[in-house]
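Chemist: Quick one: structure below, then a few questions.
The values are calculated or read from the model by the stated rules, or taken from the named source; none is laboratory data. Keep in mind the model is a prediction, meaning the values are calculated, not measured. With ideal geometry, Cβ positions are generated from the backbone for all residues, glycine too; neighbour counts draw on all protein chains shown.
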Amino acid sequence: MVRKLSGTNKKDILSLEFSELENEILKLAEPKFRAKQIFDWLHVKRVSDFGAMTNLSAQFRERISSLFCIKSLFALKRLASEQDNTVKYLYELDDNNRIETVMMEYEHGTSLCISTQVGCRMGCRFCASTIAGFKRNLSPSEMLLQVYETERLEGKKVQSLVLMGIGEPLDNFDNVVKFLKILSDERGKNLSLRHVSISTCGIVPKIDELARLKLGVTLSVSLHAGNDRTRSEIMPVNNKYNIGELIDACKRYFDKTGRRISYEYAVIDGVNDRKKNAAELYSLLGGQNCHINIIPVNKIKERSFTSDRKSANQFKKYLESFGMNATVRRTLGSDINAACGQLRREYEV
């Protein structure tokens, strides 16, 4: 199915921060309060058509619809786990590209994992998202719509958010920051950024830039190895920003923000799962205010990497023997391949 592009050559109004929307309204010689009305329609009532903005005159609605577009997502496929309440969506964008979004239920509430790019250029060897390569960045509106549309379809409110789906968030830095500012605006969704986690493979300059912004987000760093040789083999980004540079950036992030770093560690049988690997992590991270999140690696058909919860739990014991703070990530939606990238690959192969 080919869908018509919405609002080609028009400004993407959902991607405008409130101050930007105010400026656009002033350019039209309209009073500033119109911006608050429109922002409310877009981010609270979440209408998809300017015609629904009934407290604006018909003439003004027609005028703004000629200048701006309201982007949309199309739910191409929905998978619901029979093991837990995890739900996975394959969304189609206006240009027919596809992304994935996963809603998960925890004791503390509903969490959403969103994509930030179509594909990924980082090349991590155990990840399905990077196999087809990078196509483009997502706009702030396309990230917001994953939240808004999934909330609408599921009838649930998102209490926390992880930018851990398809793509490297810090490789789409400006759009991600703009998205977070719109998401946390008290006139809209008003989600506290303390409930947002950004996952990164380690783009050091952007970690420092994020620290300077002091947004309050949690930084979740995909580490996956305690030495440069192993990490470079499975994560090409390490050839540009090695482990020493990455850990120094994480320490600077903590010093500037006071936010504890979470290190992701995907256990891969025969690659990084031995006690000596745990000892390397202790040498690297010992004494740092951090948490290690151990993950059984997701099986994908294009790769030979494997592990299971038994391997992950054994590695946790190794780390605990060194006095380190570690948990094994709870596996959700395993019967629907809830790890991002796999459903999109099935549709595009």
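Chemist: Given the criteria more than 30 Å from S311 (Cα to Cα), outside the structural domain of F33 (by TED's automatic domain parsing) and not small (G, A, S), does E209 qualify?
Modeler: Yes: the conditions hold for E209.
Chemist: Kindly evaluate M122 against the criterion of being under 18 Å from R78 (Cα atoms) and assigned by TED's automatic domain parsing to the domain that holds L191.
Modeler: Against the criterion (under 18 Å from R78 (Cα atoms) and assigned by TED's automatic domain parsing to the domain that holds L191), M122 does not qualify.
Chemist: So, one more: Would you confirm whether any residue within region 221-229 is on the phi < 0 side of the Ramachandran plot, in a helix (DSSP H, G or I) and among the small types (G, A, S)?
Modeler: Checking region 221-229: not a single residue is on the phi < 0 side of the Ramachandran plot, in a helix (DSSP H, G or I) and among the small types (G, A, S).
Chemist: Need the failing condition index for S115 against (1) under 16 Å from L144 (Cβ atoms); (2) surrounded by fewer than 21 Cβ atoms within 10 Å (Cβ to Cβ); (3) in contact with a Cys (Cβ under 7 Å, 6 or more places away or on another chain), just the number.
Modeler: Answer for S115: the failing condition is (2).
Chemist: Which of the residues that make up region 120-139 are surrounded by fewer than 24 Cβ atoms within 10 Å (Cβ to Cβ) and within 20 Å of D94 (Cβ to Cβ)?
Modeler: A132, F134, K135, R136, N137, S139
Chemist: Quick test for you: out of V196, V176, V237, V204, pick the one residue that is hydrophobic (A, V, I, L, M, F, W, C), farther than 24 Å from T257 by Cα and assigned by TED's automatic domain parsing to the domain that holds A279.
Modeler: V237
Chemist: Tell me, yes or no, whether region 9-31 has at least one residue that is modelled with pLDDT under 95, farther than 30 Å from M164 by Cβ and over 26 Å from the mean Cα position of the chain (by Cα).
Modeler: Looking through region 9-31, at least one residue is modelled with pLDDT under 95, farther than 30 Å from M164 by Cβ and over 26 Å from the mean Cα position of the chain (by Cα).
Chemist: Okay, moving on. Among the strands (runs of 3 or more DSSP E) lying completely within region 1-108, list those that include at least 1 residues that are of a type outside the set (V, I, T), in contact with a Gly (Cβ under 8 Å, 6 or more places away or on another chain) and crowded, with 20+ Cβ neighbours inside 10 Å.
Modeler: So the answer is 87-92, 98-106.
Chemist: Which of (1) at pLDDT 95 or above; (2) surrounded by fewer than 22 Cβ atoms within 10 Å (Cβ to Cβ); (3) part of a loop (DSSP other than H, G, I, E, B); (4) not hydroxyl-bearing (S, T, Y) does P205 not meet, given it meets every other one?
Modeler: P205 satisfies all of (1) at pLDDT 95 or above; (2) surrounded by fewer than 22 Cβ atoms within 10 Å (Cβ to Cβ); (3) part of a loop (DSSP other than H, G, I, E, B); (4) not hydroxyl-bearing (S, T, Y) except (3).
Chemist: Show the residue pairs meeting these rules: Cβ distance below 8 Å; 6+ apart or different chains; first residue within region 71-91 and farther than 30 Å from K11 by Cα; second residue surrounded by fewer than 19 Cβ atoms within 10 Å (Cβ to Cβ) and of a type in the set (D, E).
Modeler: Final answer for the pair search is S81/D335; E82/D335; Q83/D335; D84/E105; N85/E105; T86/E105; V87/E154.
Chemist: How many residues are surrounded by fewer than 17 Cβ atoms within 10 Å (Cβ to Cβ) and either closer than 20 Å to V328 by Cβ or aliphatic (A, V, I, L, M) (or both) when one looks only at region 245-261?
Modeler: Residues flagged as surrounded by fewer than 17 Cβ atoms within 10 Å (Cβ to Cβ) and either closer than 20 Å to V328 by Cβ or aliphatic (A, V, I, L, M) (or both) within region 245-261 amount to 1.
Chemist: In region 240-250, what residues are among the charged types (D, E, K, R) and within 11 Å of D208 (Cβ to Cβ)?
Modeler: E245, D248
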